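The values are calculated or read from the model by the stated rules, or taken from the named source; none is laboratory data. Keep in mind the model is a prediction, meaning the values are calculated, not measured. As a convention, Cβ positions derive from the backbone with ideal geometry for all residues, glycine included, and neighbour counts pool all protein chains shown. Calculation scope for accessible area: heavy atoms of the full protein, side chains included, ligands and nucleic acids excluded. Shrake-Rupley method; radii C 1.70, N 1.55, O 1.52, S 1.80 Å.
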Amino acid sequence: MKNICILIFLIISSILVNAQGNSAGGKISGKVIDAATQLPVEYATISILKAGTTSPFNGVVSDAKGNFTLSSVPNGEFTVTIDFIGYKRNTIEHVIISNTAKSVVLNNLLLAPVQNQLKSVEVVGKTPVVENKIDKLVYNAANDLTSQSGVALDVLKKVPMVSVDIDGNVELQGDANIRFLINGKPSSIFGASLADALQSIPASQIKSIEVITSPGAKYDANGTGGIINIILKDSKVQGVNGSVNLSAGTRLENGSFNLNVRNGNFGVNTFFSGNDQLSSTSINTTDRLSYNNTRDTITHLLQKGTNAFVRNGYQSGINFNWSITPKDELTAGIGFNHFSNHSNSLTNQEQQMMLSSGNVFSDILSVRNSNTLNSSNSTDWNLSYKKTFNKKDEELDVLYTSSSGKNNSNFFQEQDYLSGGYPSSGSMSYNPGKDKETDISVDYTLPLTKSFTIETGVKGVFEDLNNTVVTDTLLNNKSFVPNANQTYGFNYSRKVFAYYLSANFSLFNDFIEGKAGLRDEYTTTSADFPNTHIPGYNILAPSFVLSHKLDQTQSIKVSYTYRIERPDYGDLNPFYNISDPHNISTGNPNLRPEIGHNFEMGYNKSFDGGGNIYAGATYRYNTDDIQSFTTFAPVLNIDGTNYSNVFVSQRFNIGSQIAEGVNLFGSVPIGKLNLRTNIQLGERTNKSPGLATVTGFSARTNLNANYQFGHDLTAEVFGNYNSSQKNIQGLRPAFFSYNMAVRKQLLNKKASIGLTASNPFSQFIDQRSTTNGGNFNQTNLREVPFRTFGISISYKFGKLEFKKDKEKDDNKDNGMQAPPENK
């Protein structure tokens, strides 16, 4: 793996060196503004033509702030046009690039809405599926057919550098410690169960997913793997419009509704979405051999049973946007989130104890019934104020967010013995908890020159968790009585105070563009866990990313980020889950934060026909690495109750981890066929005091094929493969799935109907894993039902209205005649 990374580095370095003599060229930049609302226009098309010609030879689209840059422009006289649906074309003549004027800044370019009111507008964007920007990668999910009846996890499987296993565990470049955001803001819904939260968001509600592997100083330092930001659908277009999406299937049902209303400078967006994973039954087989300390007694435990599982969730919210003045914008929103899951298990068990000679001296048969119910409800509030100034790109942002959640975890288990005359045993527990996070931040951006901008800001994060555990124990008469030894509560509070300073810059006549910064975070933690003291700590988190455009279609970048992984609610909660007395899990309130050093290098090239390739190499070094670790106890005493032959799973700071990897992404259009692939190759090495060093290789790949038949009919096939990987205690299982879908658009593309199928030729996916320790070996086989068939229906409604403001149009006409600024 090291040789692969070195090879890619040498290739990119040689490209950079060879490109230096050919990189000279001019630059044309500007900002596209709506003349009526004075708001930035995103995805406007900027084209450049040689003077006297009618065909553009290059072009870009504006970003979320309306900004654009045309690079590598040769000397000469040009015409620049700006287009967006529903607006008049803006044409700027006589733009000149010369040896003495290499940079032309067009300032604010105002687009005027069309004069007439349109009856209906179909906005057809040509946004690429994957956009690779200097500090993030964006996956646009609008045309994702095979995920149309699925959930957020189904979309994430297609995002470059992201992998998802069958249980919904997400990794970014091989690291599971990811900071998840919704519309750029945190939510407590992720703290209770990430997999359940991602299962509760319908794919039809997702506009795009941003992957930030090298977060700058402006972002929280939390998350050694990086940040994944899920952008939900909304609209800032004038008028009333919305959409309805419904899907039904043999394994999953979901739906979503969006309504957008905007009149002048005030807009409202409201939505509701929900899903229901229908009951499915998996088959589980566990075979364990364990030994006593002298290894003269062997215990063989065989468990085989079924687990029926259901899950459901919903989200709802309303957002307001008010452009108070052309330079003052206020945004507010409230959202509600809910998910729950329920499992019912019946397990047949046989426990044999034998001497090393093989003579069996104990054989116990039993049946275990268990029932687990988990639920989470959260409410998210946000209020933001944005102030812009006369100076271009100078901006002040104030943001307040608050997220509060109520979580419940309940289990019941009863074990009845079929031999040996043992009395029945069992327990049930009720575990309610609350968590609240409040974030307050102020950010300020100041351009000092056209090639140097500073950003600075402060932030406070205030987290409070409290939890209660109430446990009852089964008596011989089959009644439950309170167990005072296993009934307790705890409180946990964490405060993070942060300040950052960063700069965006270009060097050597725009040969290199970059971002660099430093973030200071001080963390204080208090908890009432017995015998636990958590000291405060301060970190300095540097980061930088450097990018060079070889030409308008090629770029390379290198980056470094310092990251931290703070343990969350589930990691810390000392509640014992005893739904299976032979496999017990609990949290660890003594966890320390994990520290990560992330290095990344990448090359990106786009093609005229819409194709794109990306190749990257990563190196990550983590200390105090947080991982789940399983220990074996012949007898485990939990507050006065003994449990025999027990696996205990708990998170620990196990040592250090080195991860090296290569990421390859490609998108190739061939006529009406579009092929996309994402390949990840990686190697992880774990070093832990007292344990053997473990190195494991993994490969993850997927392939997506999309074909346009014409007559608004499209078909898509998607396959995803995750190889097995050796970890610190065994082998993680491999995973392969495939999806097929067709979609027909109707009613002038206002409506569509689609059919989907997942793993149609096999009912189950087999998951084989192993877990090993000094005194035990275990193999596990899970047969997980995955085959599903579904149908989805969507409908878009409403009119997009573009109204003209006479006074602003007059100002626009005056402003548009201003000559371009030559630097």
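Run Phe529 past the list (1) modelled with pLDDT under 90; (2) open to solvent by 20 Å² or more (accessible area, probe 1.4 Å) and report the number of the one that doesn't hold.
That leaves (2) as the condition not met.
Hey, any hits in segment 516-523 for a residue that's of a type outside the set (A, V, I, L, M, F, W, C), open to solvent by 20 Å² or more (accessible area, probe 1.4 Å), at pLDDT below 95 and not in a loop (DSSP other than H, G, I, E, B)?
No, the conditions are met nowhere in segment 516-523.
Looking at segment 740-765, which of its residues are open to solvent by 70 Å² or more (accessible area, probe 1.4 Å) and assigned to a loop (DSSP other than H, G, I, E, B)?
Leu747, Asn748, Lys749, Lys750, Phe761, Gln763, listed by residue number.
Here is a check on your reading of the model: is Phe462 without any contact (Cβ under 8 Å) to a residue 60 or more places away in the chain, closer than 30 Å to Gly26 by Cβ, open to solvent by 40 Å² or more (accessible area, probe 1.4 Å) and not acidic (Asp, Glu)?
Considered against the rule, which asks whether it is without any contact (Cβ under 8 Å) to a residue 60 or more places away in the chain, closer than 30 Å to Gly26 by Cβ, open to solvent by 40 Å² or more (accessible area, probe 1.4 Å) and not acidic (Asp, Glu), Phe462 comes out as no.
Assess whether Ile228 counts as being among the aliphatic types (A, V, I, L, M), touching a Phe, Trp or Tyr at 6+ places or on another chain (Cβ under 6 Å) and closer than 24 Å to Ser193 by Cβ.
So Ile228 fits the description; yes.
Which one of these does Ser362 not meet: (1) surrounded by 15 or more Cβ atoms within 10 Å (Cβ to Cβ); (2) not in a loop (DSSP other than H, G, I, E, B)?
So Ser362 meets the others, but not (1).
Before we move on, is Val32 touching a residue at least 40 places away in the same chain (Cβ under 8 Å) and within 14 Å of Val105 (Cα to Cα)?
Yes: the conditions hold for Val32.
For segment 47-64, state whether one or more residues are charged (D, E, K, R) and either crowded, with 18+ Cβ neighbours inside 10 Å or farther than 18 Å from Lys136 by Cβ (or both).
Yes, segment 47-64 has at least one match.
Matching residues to (1) without any contact (Cβ under 8 Å) to a residue 60 or more places away in the chain; (2) out of contact with any helix residue (DSSP H, G or I) (no Cβ under 6 Å at 6 or more places or on another chain):
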residue	(1), (2)
Val662	no, no
Arg676	no, yes
Ile679	yes, yes
Asn702	no, yes
Leu713	yes, yes
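Considering each of Lys304, Lys218, Lys207 in turn, give the residue that is closer than 30 Å to Glu594 by Cβ, of a type in the set (Lys, Arg) and open to solvent by 40 Å² or more (accessible area, probe 1.4 Å).
So the residue among Lys304, Lys218, Lys207 that is closer than 30 Å to Glu594 by Cβ, of a type in the set (Lys, Arg) and open to solvent by 40 Å² or more (accessible area, probe 1.4 Å) is Lys218.
Give me a count of the residues in segment 476-502 that are under 30 Å from Ser559 (Cβ atoms) and surrounded by 17 or more Cβ atoms within 10 Å (Cβ to Cβ).
Total meeting the criteria: 5.
Filtering segment 570-613 down to residues that are more than 30 Å from Phe632 (Cβ to Cβ) and in contact with a Pro (Cβ under 7 Å, 6 or more places away or on another chain), which residue is surrounded by the most Cβ atoms within 10 Å (Cβ to Cβ)?
Here the answer is Asn612.
Here are some conditions: (1) of a type in the set (A, V, I, L, M); (2) over 36 Å from the mean Cα position of the chain (by Cα); (3) buried (at least 16 other Cβ atoms within 10 Å of the Cβ). Leu399 meets all but one. Which one does it not meet?
Looking at each condition in turn, Leu399 falls short on (2).
Could you tell me how many of the residues in segment 154-169 are surrounded by fewer than 22 Cβ atoms within 10 Å (Cβ to Cβ), among the hydrophobic types (A, V, I, L, M, F, W, C) and under 16 Å from Ala203 (Cα atoms)?
Residues flagged as surrounded by fewer than 22 Cβ atoms within 10 Å (Cβ to Cβ), among the hydrophobic types (A, V, I, L, M, F, W, C) and under 16 Å from Ala203 (Cα atoms) within segment 154-169 amount to 0.
Select from segment 79-101 the residues that are open to solvent by less than 50 Å² (accessible area, probe 1.4 Å) and either assigned to a strand (DSSP E or B) or farther than 19 Å from Asp63 by Cα (or both) and list them in ascending order.
Thr79, Val80, Thr81, Ile82, Asp83, Tyr87, Asn90, Ile92, Val95, Ile97, Ser98, Ala101
Which ones in segment 439-459 are in contact with a Pro (Cβ under 9 Å, 6 or more places away or on another chain) and open to solvent by 40 Å² or more (accessible area, probe 1.4 Å)?
Ile454, the sole residue that qualifies.
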